[in-house]
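J.: Below is the structure I would like to discuss, written out as structure tokens.
The values are calculated or read from the model by the stated rules, or taken from the named source; none is laboratory data. Everything numeric in this text was worked out from a predicted model, so none of it was measured. Don't worry about glycine lacking a Cβ; one is built from the backbone with ideal geometry, like all the others, and counts go over all protein chains shown.
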Amino acid sequence: MKLALLLLVFAFAASAQTAPVRVLVVTGGHDYEPTFYKLFDGQEDIRVTVRPHPGPFQGDLRKRFDVLVLYDMVQENEIGERGQKNLRDFLESGRGLVVLHHSVADYNSWTWWCSEVVGAKFLLKPKGDRPQSTYKHDVELVAEPVGRHPILSGVGKLSIVDETYKGMWISPDNTVLLRTDHPTSDGPLAWISPYRKSRVVVIQLGHDHAAHLHPGYQRLVRNALLWSAGRLN
């Protein structure tokens, strides 16, 4: 009886590891090119559901999704207290999060979100002695890997045309994965946040087709999804 139970547990664990990663992609609040969806094409081990605002966080996400991908740009009042609770419950349950490009400007006044979860804040307006953050389109830059990490597997150095951000607050506790020395950027382009209850990856790159169709960027996003789901170690 004990052996049968043990085998059942092992079978369940193996099934959980081979089932597709259930990904909720949240959009809204910012325009984007349809090439964005090329990031998820042809990946049988990833099952993607797309839900734009309003409403993706109005129900409990924990039993339905393994990873949340944000490609939106909204503020905390737009999802309300219920949405904030469901989002926090999802992360505190250990589910993964991947924050892409303009979503680093999400929930600008939610201190827990910016300082603990994302490890960064794009200032939409000046605050104290800090000026508003800036952005620049169509920048030719080189993203250099920092150290070794499964998320960087097969990515290498990226020569890419993308939008850069500068003047953000970036947590010194982040684990930086990619960095650039381009003067229109703060430097870090991808990092793992200091949040410990969930695997959180932030990728500042990803403005338009130049990134969406770049094989290195596609690999970076795929690796981030699998790592945040606990499938890549």
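J.: Exactly one of these conditions fails for V50: (1) aliphatic (A, V, I, L, M); (2) touching a Phe, Trp or Tyr at 6+ places or on another chain (Cβ under 6 Å); (3) part of a strand (DSSP E or B). Give me its number.
T.: (2)
J.: Output yes when any residue across the stretch 148-166 is farther than 20 Å from G216 by Cβ and modelled with pLDDT of 95 or more, and no when none is.
T.: yes
J.: Which of the residues belonging to the stretch 27-47 are part of a strand (DSSP E or B) and within 20 Å of A210 (Cβ to Cβ)? Give the steps one after another, and end with the answer.
T.: Taking the stretch 27-47 first, the residues part of a strand (DSSP E or B) are 27-28, 46-47.
Selection gives T27 alone.
J.: Another question, then. Going through the stretch 134-152 one residue at a time, which ones are within 23 Å of A210 (Cα to Cα) and of a type outside the set (V, I, T)? Spell out the reasoning first.
T.: From the stretch 134-152, those within 23 Å of A210 (Cα to Cα) are 134-146, 151-152; that's our starting set.
Hits for the stretch 134-152 are Y135, K136, H137, D138, E140, L141, A143, E144, P145, L152.
J.: Now a separate question. Can you name the residue in the stretch 59-90 that is in contact with a Gly (Cβ under 6 Å, 6 or more places away or on another chain) and part of a loop (DSSP other than H, G, I, E, B) and is also farthest from P215 (Cα to Cα) among such residues? Please lay out each step first, then the result.
T.: Going residue by residue through the stretch 59-90, those that are in contact with a Gly (Cβ under 6 Å, 6 or more places away or on another chain) are 67, 72-74.
Next cut, part of a loop (DSSP other than H, G, I, E, B) only: 73-74.
Numbers: M73: 25, V74: 29 Å.
Looking at residues that are in contact with a Gly (Cβ under 6 Å, 6 or more places away or on another chain) and part of a loop (DSSP other than H, G, I, E, B), I get V74.
J.: Now for a different question. Test of understanding: among E116, E140, E81, E92, which residue is surrounded by 15 or more Cβ atoms within 10 Å (Cβ to Cβ) and either more than 19 Å from the chain's Cα centre (by Cα) or at pLDDT 95 or above (or both)?
T.: Numbers: E140 fails: surrounded by 15 or more Cβ atoms within 10 Å (Cβ to Cβ); E81 fails: surrounded by 15 or more Cβ atoms within 10 Å (Cβ to Cβ); E92 fails: surrounded by 15 or more Cβ atoms within 10 Å (Cβ to Cβ).
Of the residues listed, the single one that is surrounded by 15 or more Cβ atoms within 10 Å (Cβ to Cβ) and either more than 19 Å from the chain's Cα centre (by Cα) or at pLDDT 95 or above (or both) is E116.
J.: Turning to a different aspect of this structure: Could you tell me which of the residues R22, R64 is surrounded by 17 or more Cβ atoms within 10 Å (Cβ to Cβ) and either modelled with pLDDT under 95 or out of contact with any helix residue (DSSP H, G or I) (no Cβ under 9 Å at 6 or more places or on another chain) (or both)? Show your work before the answer.
T.: On the way: R64 fails: surrounded by 17 or more Cβ atoms within 10 Å (Cβ to Cβ).
Of R22, R64, the one residue that is surrounded by 17 or more Cβ atoms within 10 Å (Cβ to Cβ) and either modelled with pLDDT under 95 or out of contact with any helix residue (DSSP H, G or I) (no Cβ under 9 Å at 6 or more places or on another chain) (or both) is R22.
J.: For the stretch 124-140, which positions are assigned to a strand (DSSP E or B), in contact (Cβ under 8 Å) with a residue 24 or more places away in the chain and over 20 Å from I160 (Cβ atoms)?
T.: Let us first name the residues in the stretch 124-140 that are assigned to a strand (DSSP E or B), namely 127, 130, 134-140.
Subset that is in contact (Cβ under 8 Å) with a residue 24 or more places away in the chain: 130, 134-139.
Hit for the stretch 124-140 is R130, nothing else.
J.: Could you tell me which numbered condition H101 fails, if it satisfies all but one of (1) within 15 Å of the chain's Cα centre (by Cα); (2) over 18 Å from G29 (Cβ atoms)?
T.: So H101 meets the others, but not (2).
Conditions (1) assigned to a loop (DSSP other than H, G, I, E, B); (2) within 14 Å of L205 (Cβ to Cβ), marked per residue:
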| residue | (1), (2) |
| --- | --- |
| V98 | no, yes |
| E116 | no, no |
| V142 | no, yes |
| G147 | yes, no |
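J.: Can you tell me which of (1) in contact (Cβ under 8 Å) with a residue 24 or more places away in the chain; (2) over 24 Å from L220 (Cα atoms); (3) of a type outside the set (K, R) is the one H102 doesn't meet?
T.: (2)
J.: Got a number for residues in the stretch 154-185 being buried (at least 16 other Cβ atoms within 10 Å of the Cβ), assigned to a loop (DSSP other than H, G, I, E, B) and under 18 Å from the mean Cα position of the chain (by Cα)?
T.: 4
J.: Considering each residue of the stretch 193-228, count those that are assigned to a loop (DSSP other than H, G, I, E, B), on the phi < 0 side of the Ramachandran plot and surrounded by 18 or more Cβ atoms within 10 Å (Cβ to Cβ), and give that number.
T.: From the stretch 193-228, those assigned to a loop (DSSP other than H, G, I, E, B) are 193-199, 204-208, 213-214; that's our starting set.
Filter again for on the phi < 0 side of the Ramachandran plot, leaving 193-199, 204-205, 207-208, 213-214.
Going one step further and asking which of them are surrounded by 18 or more Cβ atoms within 10 Å (Cβ to Cβ), we end up with 193, 195, 198-199, 204-205, 207-208, 214.
Matching residues across the stretch 193-228 total 9.
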